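Quick notes on the structure that follows.
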Amino acid sequence: MSESSRSEPVGVILAVDPDRFADVVEALRQAGLTVTGEQPVLGTLSGTVAEDRILVLGAIDGVESVDRERAVRLPPPDSPIQ
Amino acid sequence: MANGPTDKGAFGDKRDRRPNSLGASQRTEYTGRYVILLDRGNQESGLNALRSNAGIAPVERVRGTETENVAELLEHPDVSVLFEELGVVVVEVRPEQRYALVTTAEREPSIIAAEPERMVYALPIIAPQQAPAEFFPAYRSDEEVVMRHSIAEVAAANGPVWDEQAWTWGLQAIRANLSRLTGRDVRIAVLDTGVDTGHPDLAGRIEAAASFVPGQAVQDGNGHGTHCIGTVAGPAHPHQGPRYGVACEARILAGKVLNNAGSGTDGQILAGMAWAIAQGARVISMSLGAPVQPGELFPQTYEKLAQRAIERGTVIICAAGNDSNRPQHIEPVSRPANCPSVLAVAALDKALTTTFFSNGGINGQGGEINIAAPGRDVRSTAPGGGYQILSGTSTATPHVAGVLALLAQANPNASAADLMASLLSGAFLLTQPVMDVGSGLLQAP
């Protein structure tokens, strides 16, 4: 059912158990996550996933948190307030 | 965290007087001691009433000049202490007599007021000023702390008039101009728009640099990162004065996580944080953030990462954000500054008041302001070899990073938690709300 998901991919960041990082990341991939960056020592990673799969990622054993990725935007360089 | 029970006298309950034990004192309703204000013209009547009706401990009298033994007397569980000139007596009373004491105080006309000791718990809020002496006795005596804070009081009273010929106002406000510490060889990571690696003040100071922005080199095409790095670690003798860098011998780890337009993603920031920790950063300074809604929870992933960073000895500090328009409108602390394990930095102006744009502690659970630092009209390095004056919580945050470098130099074995505790307890108390300035004005050790 989820294979036919048409929701747009969104950016997510995750914290997982660093002691079994590779296994958990593999499970996340199988659940639909496209990994864009990983920090194995600290147990965090970023990626994209169909929006309706976010809850599925959070339920995977070893996943400690899933947050929607957000952009940081500084004011324009000529703005006096930074 | 409360101390275990100690010896109890006939009158005294356990009293926890450690300056940092706010939690313990807030949990304790009464400790057995009362502070009583007597009619100064008729002190004996009040004392007699207390003796006969409430069975208070024997009274020792202290006059203004006899200050040496007061602390000892106050600690003594079997003695009440009368400050004759003030007409104040601090009494020890048995738990079962407390009610009698209160009713006596209400009845007896020569007793003006009686307050249980929990009212004295205002003291620990002031006492943390002395805490750094516990960590850095070689660098900082209590007398010095008192002196510094007196100067800061004068500065606060003088308002926005600063002589910036030799030192920026920010460095003076945080007393960096009085510190002998330089942050020598302490590694501080600044995750931002990169750095002008050719700036004459910064060249040779960059320990490592890396870009996490696809397609862009670490060279700063924005100016934001170069300005922040200058404030953290600008040299003792810049090629053009005044001095503006807090930790003039710290080593810089410049991580580019925002592109030259000033944009970046959480993924890039996480990658930069992991790099900084791997490079041995004692502090990660992030003058960046994304706005959150009132009531919104902090991002759990950043919190997990911050916890793991702290375990590895790295403190994470972050700008509170510039979304407010005070006094009418105060926005909550941005993310990731709103994580419980990340210190959020507010911005002060030259009058040492909260800047109009500085976000406040609207949200609980990490959404507090932890400390305030100079963040208005801050002069620092600009790409191309020059300088520029900017404002924002972004400019306040690197002042805090610099002070953390000084603290880390003073105590190389301090854990991240130790450094954070020293930082916050060393802050100068401001009269503004805690939700705006946290522990107060940043102070260099």
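The values are calculated or read from the model by the stated rules, or taken from the named source; none is laboratory data. This structure is a prediction, so every number in the text was calculated from the model and none was measured. As a convention, Cβ positions derive from the backbone with ideal geometry for all residues, glycine included, and neighbour counts pool all protein chains shown. Keep in mind that these areas ignore ligands, DNA and RNA; they rest on the heavy atoms of the full protein, side chains included. Shrake-Rupley method; radii C 1.70, N 1.55, O 1.52, S 1.80 Å.
Each listed q (0.10, 0.22, 0.27 Å⁻¹) maps to a log10 I(q)/I(0) for the range B:180-264 from the Debye sum over equal C-alpha point scatterers, namely -0.21, -0.94, -1.28.
Rounded to the nearest 500, the helix-only mean residue ellipticity at 222 nm of chain A stands at -4500 deg cm²/dmol, with each DSSP H run of n ≥ 4 adding -39,500 (n - 2.57). Between the range B:248-264 and the range B:42-94, the alpha-carbon centres lie 60 Å apart.
Given R0 = 60 Å, the distance between the Cβ atoms of B:Ser45 and B:Asp185 translates into a calculated FRET efficiency of 0.35.
Only protein heavy atoms count here; on that basis, with a 1.4 Å probe, B:His239 has an accessible area of about 100 Å². Think of the range B:275-337 as a dipole: +1 on every Lys or Arg Cβ, -1 on every Asp or Glu Cβ, centred on the Cα centre; then among B:Asn322, B:Pro294, B:Pro336, B:Pro336 lies furthest on the positive end. Angle of helix A:21-30 to the longest C-alpha principal axis of chain A, folded into 0 to 90 degrees and rounded to 10: 80°.
For the range B:344-352, backbone phi angles converted through the Karplus equation (6.51, -1.76, 1.60; θ = phi - 60°) give residue-by-residue couplings of 9, 10, 9, 10, 10, 9, 5, 8, 6 Hz, Gly and Pro being listed as x.
Applying the Karplus relation 6.51 cos²θ - 1.76 cosθ + 1.60 with θ = phi - 60° to the range B:270-276 yields 3J(HN,Hα) values of 4, 4, x, 5, 4, 4, 4 Hz, where x marks Gly and Pro. The fraction of accessible area contributed by carbon and sulfur in chain A is 51 percent, rounded to a whole number (1.4 Å probe; ligands and nucleic acids excluded).
Spin-label model, B:Ser415/B:Arg107: points 7 Å from Cα along the beta carbon direction are separated by 5.3 nm. Taken about its Cα centre, chain A carries a charge dipole of about 260 debye when Lys and Arg each add +1 at the Cβ and Asp and Glu each add -1 at the Cβ. Taking B:Val190, B:Val35 and ordering them by how much accessible surface each has at a 1.4 Å probe, largest first, produces B:Val35, B:Val190. Sorting B:Ser45, B:Ser287 by solvent-accessible area of protein heavy atoms yields B:Ser45, B:Ser287, largest first, with a 1.4 Å probe. Within chain A, the percentage of alpha carbon pairs spaced more than 17 angstrom apart rounds to 47%. Legend: mean number of C-beta atoms from other chains within 10 angstrom of residue C-beta atoms, peptide A:40-52, equals 4. Here the dipole of the range B:163-299 is about 400 debye; that uses its Cα centre as origin and unit charges on the Cβ of Lys and Arg (positive) and Asp and Glu (negative). Each chain gives up part of its surface: A and B jointly bury about 2600 Å² of accessible area, both sides summed, for a 1.4 Å probe. Counting only protein heavy atoms and using a 1.4 Å probe, the accessible area of A:Asp19 comes to about 140 Å². Counting DSSP beta bridges in the range B:275-415, what percent are antiparallel, to the nearest 5? In the range B:275-415, DSSP labels about 35 percent of beta bridges as antiparallel.
Post the alpha-carbon centroid distance, the range A:19-52 to the range B:330-381, in whole angstrom. About 33 Å separates the Cα centre of the range A:19-52 from the one of the range B:330-381.
In this structure the amide hydrogen of B:Val315, modeled in the peptide plane, comes within under 5 Å of the amide hydrogens of B:Val283, B:Ile284, none closer than 5 places in sequence on its chain. In this view, the solvent-accessible surface of B:Phe298, computed with a 1.4 Å probe and all protein chains in place, comes to about 30 Å².
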